[in-house]
1. Shape call for segment 352-401 from the C-alpha gyration tensor, a ≥ b ≥ c root eigenvalues: rounded (a/c under 1.5), prolate (a/b greater than b/c) or oblate?
2. Can you compute the FRET efficiency between A463 and E193 using 1/(1 + (r/R0)^6), with r the Cβ-Cβ distance and R0 = 22 Å? Round to the nearest 0.05.
3. If I take every Cα pair under 8 Å that is 6 or more residues apart in segment 246-345, average their sequence separation and divide by the length, what percent do I get for the relative contact order?
4. Counting only DSSP beta bridges with both residues in the chain, what percent are antiparallel, rounded to the nearest 5?
5. ³J(HN,Hα) across segment 449-456 via Karplus (A = 6.51, B = -1.76, C = 1.60, θ = phi - 60°), whole Hz, x for Gly/Pro?
6. Out of L222, S256, V303, whose Cα points farthest toward the positive end of the dipole of segment 178-332 (charges: +1 Lys, Arg; -1 Asp, Glu; placed on Cβ)?
7. Near K9, which aspartates and glutamates are there with a Cα under 19 Å away, not counting those fewer than 8 places off in the same chain?
8. Tell me which residues come under 5 Å, amide H to amide H, from V376 once H is placed; ignore anything under 5 positions away on its chain.
Amino acid sequence: MHTAIKEIKSHRYGDGDAIVVKGWVRTRRDSKSGVSFINVYDGSCFEPLQVVAPDSLNNYGTEVLKLTTGCSLIVSGRLVESHGKQQALELRAEQITVVGWVEDPESYPMSPKRHSIEYLREHAHLRPRTNVIGSVARIRNAISQAIHRFFSEQGFLWVASPIITASDCEGAGEMFRVSTLDLQQLPLDEKGEVDFDQDFFGKEAFLTVSGQLNAEAYACALSKVYTFGPTFRAENSNTSRHLAEFWMVEPEVAFSDLDESAALAESLLKAICQAVLSERRDDLQFLSGFVDADLIGRLETLVGSDFIHINYSDAVAILEQSGREFEFPVFWGADLSSEHERYLTEQHFKAPVVVKNYPKDIKSFYMKLNDDGKTVAAMDVLAPGIGEIIGGSQREHRLDILDARIQELGMKLEDYDWYRQLRRYGTVPHAGFGLGLERMVAYVTGLGNVRDTIPFPRTPRNASF
Ligand code: 4AD
Ligand code: MG
């Protein structure tokens, strides 16, 4: 049996306790008195454990002086009160077993010096060994667990939505096609050539861009559901906010409208921030230094304040009156760029903002048309430092209006037949939204780029590791 370092730090153990720890060397420092101080981490918490390897460890003594960053170890010994300021207890080693040496330490890419975040991206398989990516991983986990807890406590059911699908939820054509490598499985076209457009055993199929349409089917029977899984977008955007593969949380509620969805989004974001504040203060403290920002203060402010709710038309008016020269022009009917979004949250309101009722022409086909005939019951939640973090809407539950919209956009009714049936058989107003997990983690950690908030980022031309 061995003990996680987190357990030692949580004061469940005291002076004199015998324990075994398994982990990796972060640093080694040798004192003149013939004692080495080895910082060992195991990922269970931010702080490493200080292992003191004294001279008396003679059978292993020479090996201790060969230990370098990254070596894996099993250390057994006794906890003693530490003279150092960094920790209350340290582990006085009685036996150290090196499980794996670092071959050629000079070439080890994760030396203990501070590496740039861009450098770490090029070593995605080793970067979880660094403080910064370890902290991000623990915070991402805390956020994921908090999301499940939040919905479970509110009576939502977690529904798995399919990853392979024929439906383009956003109608934007940004889908990856699913292919088989076995050409013999593909049908031939009239010329007798392999027909790559008929790929999924003779049908077209894609990776899902969103689980929403499927979530709607379940909400229209089980009332309150959510999906939480990977989604895919074949958009060729090289920005700090876009990934080709990202995780989305999508609640969907029957007998519900846009305002209720906005309120649900606000309480979800607050619950997430509260959970990270209470569970991952150690990582927040470290990351605050790393990104040079008061992350704890920022999250506490978000939890304690009411979000601003405004209409798209008012947001446009604010931007027009700002006197700013934006890269993309602002006018009623234009989509908001990230620069516009960040102006609203960071400069104007200095708070998260929910923008509602966008022009129908810049939003998806499934959104409920408002009585003005020009806008839809859509919302985006904008967070300081990131911009759009949530996109959602009340759904169009009236079949005639939905059909008109699908046709107006040049889409085919038959492609959405099953979705349209939900409107023919016991239709009901319903609403929901999607929260991008990587953008949420980017907001909480202060890291500006979603490539650093997912373990292995997929971006255009980059699917290694
Ligand atoms: O605004 P989006 O496209 O909305 C939907 O997909 C709806 N079907 C959701 C729903 O109503 N159930 O995406 C929702 C969120 C965005 O606000 C953003 O946080 C994230 O998903 N997102 C991305 N994150 C990383 N990379 C991308 N390429 C993303 N595209 C969207
Ligand atoms: Mg959106």
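1. Numbers: a/c = 2.92, a/b = 2.34, b/c = 1.25.
In terms of gyration-tensor shape, prolate.
2. Working: r = 28 Å, r/R0 = 1.25.
My answer for the efficiency is 0.20.
3. Answer for segment 246-345 is 18 percent.
4. Of all bridge pairs located within the chain, approximately 90 percent are antiparallel.
5. Once rounded to whole Hz, the list reads 10, 5, 5, 9, 10, 10, x, 10.
6. Value computed over the given set: V303.
7. Counting by Cα, and skipping residues close in sequence, K9 has these aspartates and glutamates nearby: D17, D42, E47, E81, E90, E279, D282, D283.
8. Under 5 Å from the amide H of V376: Y358, K360, N370.
Just so you know, all these numbers are worked out from the coordinates, no wet-lab data involved. The structure displayed is predicted, hence computed values, not measured ones. In this analysis, Cβ positions are derived from the backbone assuming ideal geometry, glycine residues included, and neighbour counts consider all displayed protein chains.
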